[in-house]
Each structure stands twice: as C-alpha cells, then as structure tokens.
Amino acid sequence: MSGIIAQNSGRHTGLVKASSADGVWNLIKTYTASSDSTLSFVEGTDGVDFTAYDEYVFKFYNIHPETDDTYFQVNFRDGSTAYDATKTTTVFRNYHFEDDSGAALEYETGGDVAQGTGVQYLVQGCGNDNDMCTAGTLTLYDPSNTTFVKHFIARTNTVHASDLTMKWYVGGYCNVTAAIDGVQFSFASGNIDAGTISLYGI
Amino acid sequence: MTGIISDNVGRTSGLVKSAGGGGAWTLIKTLTASSDSALSFVDGTDDVVLDSTYPIYKFVYTNAHPSQQSGDGEEFQFNLSEDTGSSYAVTKTTTFFRGRHTEADASNVAYVTDFDLAQGTGFQTLSANNSGDNDSSNSGEMWLFNPSSTVFVKHFIARSNYMMSAPGCFSPFVAGYGNTTSAVDAVQFKFSAGNIDAGTFKLYGLGDS
C-alpha cells in the first residue's frame, strides 16, 4: 500500500488530496508586490518550475503603479540572466472613456515588437489614482520546448490615467528554440506599488 | 465511511479518482501528432467523452506543426461531426479577425472575409499561411459549448498564436456556431494540405455542478 491510498488508510472522514493531476490549475507561485521594481518568476527559485507543464498562465490583478500613466510590461529569459528573448508580437486595443467622449478598436503599432529583445508592453497608460489598477492574464505555451518558438497570449485591462477603460490583446512568440526559464513583470517607469501575480501550470 | 474513501478501501495499488467537480477542468484525452493527416476526438472512442457529461469543453493545442508549406502556407482547421466522425460537415456561421505583425515590422488588425463561413459545411480556419520552418508552430485553444444540446446551436470560440510564412506573428480570434440542433459528438483538426507533423492536442471538460 503506498501513495495517496496509504495516506488515507484508516480515515473515516476527510481526505488527503491526491497530487495535482492533468486538467487542474496548479498554483505554482504567487508574488505580492510592495514597491518592487520588478516581479520575476525564475526557474528553480521559490518553487518555480517551467518544465513540468505544457501551458502556464499568469494571473495578475490589482497591479498598481507608483508612477502615473505608464506601461505595464513583461519580458522573458532564455538561458542567460538577462530578460532579453527575441520576440515578434502583435497588439491591438479597444478603449472607452468614462465620459463617453470616445471609443475605438485599433491596432497599436507603439506596442508591438518585430524581432526585438526589449520588453513587451501588456497595456498602456496605467493610472496611479488610489483606486486605479490593472488586471489580466498571460498564457505561455511549452516554455521548456527546445524545438519550437514559444507562443504567448495576453489580455489586459486597465484604468487609463485619462479616465478610460482600455483593453490590450497581445499575441506573439519568443523567436528562440532555447527554453524560457524566467518571466519578469514591471512598469516602464517606477515601481509596482502593489498587486498580485500568480503562476499556474496546467 | 463514504465517497472516495470507501471507494478505495482495500486497494493496495491504483486509485479510484474522485468525480470531476464543478469548476475543475478534467483532462479527457491527449493526442500527440506524428505525421497524422488529421486528429479526431470522437465520443466513445479511445476514452474520449464528448457528450452531456460536461457543458463546456476546451481543446488546447500546443506546437501544432505542419509537414509542409506550399505557396504561402497551409491553413490549420477544424470541423464538427454529428455522426460520431463518419463525416465532418456541420453547417457553421463564423467570424475571423486577427492581429498581424511580421518580423520585418509590417502590422495591422483586420477582419478576414476569406476565413469566415456563412452557413458553410467546410472546415473552419483557425490559422492561415502557416510557416513550414522547423521551429514554427501553432499554440492556442478552442472552447466548445454544450455540444450535446439538441435544442440550441453549438457555439465555439478560439484564440491562438502562430508563426506565419512571411515570417511573422499572427494572433487570430475565431468564433461561431455549428448551426445544428443535433448533438455534436466529434471534432477533427487538420491542415488544409499535408500532415500534422507534430503537436499535442488535449481535450478538457468543465463541470458546472
């Protein structure tokens, strides 16, 4: 008798849960920002493992910038200590002002990357009024694969500093066959004053 | 003693799994492509469940790679069946738009009339102009809602990212419905020409109770 059966032997109530199975969102790590310049999920640090699952999802919410009207952004590490994986990405956005003065759906050329190594913006104009914040998800597919490029998809909503709701749709790939072993979030200016980012493996 | 504990009394190996509960994605089936002309999930075949067991199903495909690139590249596609895979030709009406950005920095977002369907029975394009480069692939997901309903049409929503032949990044958004009140009981993925050289396809079910 071994494993989960042995762990439950003799129990008439309650249950020791089986280890995580396919199909379950397995929480790997949660970081809570407190005036941090960056939040980084690094292979082998704090239990972060980018090799165990085909699909990883970052959920971020209540992301509050120290600086008003700035970009929330991400970058990827591909073997070195630098977050500089080459990327090609596409971005479009929609927005709507609180006073109904404008709304649109459009491509955002200021947000995409063509074989660049710099950060990928996830959304622009994040406001820093006390109640303003950013939330969204970033899905990263098969980061440990060493044959194919690494696709990612993000959708993010923010309260823009000019009092409008803005949503960004980001898709792209890290154009590398090396494994991705680190993901870093930051603002383009100032610290992440507050917020939570959780990493799940599926 | 009740439930999953009593189910496992006396077992010295193996484990009777607890039933998938509401809110948990249950992995139903994984198919791994290896030069396959198509990959099909058929209810009742090879442990596939695609019936009233779950109200929502999700297909996740990772690194779907075409065996060839002719011209500007192949289309990655799917279709639905209402006769357990004897035919894949459910009538569909769909929309297709995408963001596009080439590695040479040409970009736009656009609706693409070439890839939508208006009461068509052919395969629905999930991505087009796929690159055949060794490191190129598709990754994304498609949700299928309540396929067993015999009252309503069958909605689906897909989002993915892939490398197009330009080369560059395409990020398509596909949505539509199988315009049938028959139950949908099988789903097939393929490229418009050639084989699925590689890739992993997973089918999940999501309970609501």
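The gain in end-to-end length when the B:Ala38 to B:Ala106 segment is fully stretched comes to 21.2 nm, 0.36 nm per residue minus the alpha carbon separation.
With no solvent and one point on each alpha carbon, what is the Debye value of log10 I(q)/I(0) for the range B:5-206 at q = 0.19 Å⁻¹? For the range B:5-206, the Cα-only Debye profile gives -1.34. Normalised by the number of residues in chain B, the average gap of Cα pairs under 8 Å and 6 or more apart makes the relative contact order 37 percent.
3J(HN,Hα) along the range B:95-105: 10, 8, 9, 8, x, 9, 8, 7, 5, 8, 6 Hz, from the Karplus curve 6.51 cos²θ - 1.76 cosθ + 1.60 with θ = phi - 60°, whole Hz, x for Gly and Pro. Classify the range A:17-201 from the C-alpha gyration tensor, please: rounded if a/c falls under 1.5, else prolate or oblate depending on whether a/b exceeds b/c. Taking the square roots of the gyration eigenvalues as a ≥ b ≥ c, the range A:17-201 is prolate.
Less than 5 angstrom separates the built amide H of B:Trp25 from those of A:Trp25, all sequence-distant by 5 or more or on a different chain. The candidates A:Val113, B:Val153, arranged from most to least accessible area with a 1.4 Å probe in the full protein assembly, appear as B:Val153, A:Val113. Amide hydrogen proximity for A:Asp78: with H placed 1.01 Å from N in the peptide plane, the residues at 5 or more positions away or on another chain lying under 5 Å are A:Asp84, A:Ala85, A:Asp181. Dividing the summed -39500 (n - 2.57) terms of all DSSP H runs of n ≥ 4 by the residue count of chain A sets its mean residue ellipticity at 222 nm at -500 deg cm²/dmol. Site-free segments of chain B were taken between trypsin sites (Lys or Arg not before Pro) in DSSP loops having at most 15 other Cβ atoms within 10 Å, sites themselves excluded; the longest one is B:18-209. Amide H to amide H, with H built 1.01 Å from N, B:Ala89 comes under 5 Å of B:Leu80, B:Glu82, counting only residues 5 or more places away or on other chains. Put a dot 7 Å past the Cα of B:Asp208, heading toward its Cβ, do the same for A:Asp84, and the two dots end up 5.1 nm apart.
Here the relative contact order of chain A, from alpha carbon pairs under 8 Å that lie six or more residues apart, stands at 36 percent. The phi-based Karplus calculation (6.51 cos²θ - 1.76 cosθ + 1.60; θ = phi - 60°) puts the 3J(HN,Hα) values of the range B:36-51 at 9, 5, 7, 10, 10, 10, 10, 3, x, 10, 6, 6, 6, 10, 9, 8 Hz, whole numbers, x for Gly and Pro. Each residue of the range A:84-94 is assigned a 3J(HN,Hα), and the resulting list reads 8, 5, 5, 9, 10, 9, 10, 9, 9, 9, 10 Hz, derived from the Karplus form 6.51 cos²θ - 1.76 cosθ + 1.60 (θ = phi - 60°), x at Gly and Pro. With a Förster radius of 22 Å applied to the C-beta separation of A:Thr177 and A:Thr117, the computed FRET efficiency comes to 0.90.
The values are calculated or read from the model by the stated rules, or taken from the named source; none is laboratory data. Fair warning: this is a prediction, and the values are worked out from it, not measured in the lab. Note: ideal-geometry Cβ built from the backbone for every residue, glycine included; neighbour counts use all protein chains shown. Surface areas here come from the heavy atoms of the whole protein model, side chains and all, with no ligands, DNA or RNA. Shrake-Rupley method; radii C 1.70, N 1.55, O 1.52, S 1.80 Å.
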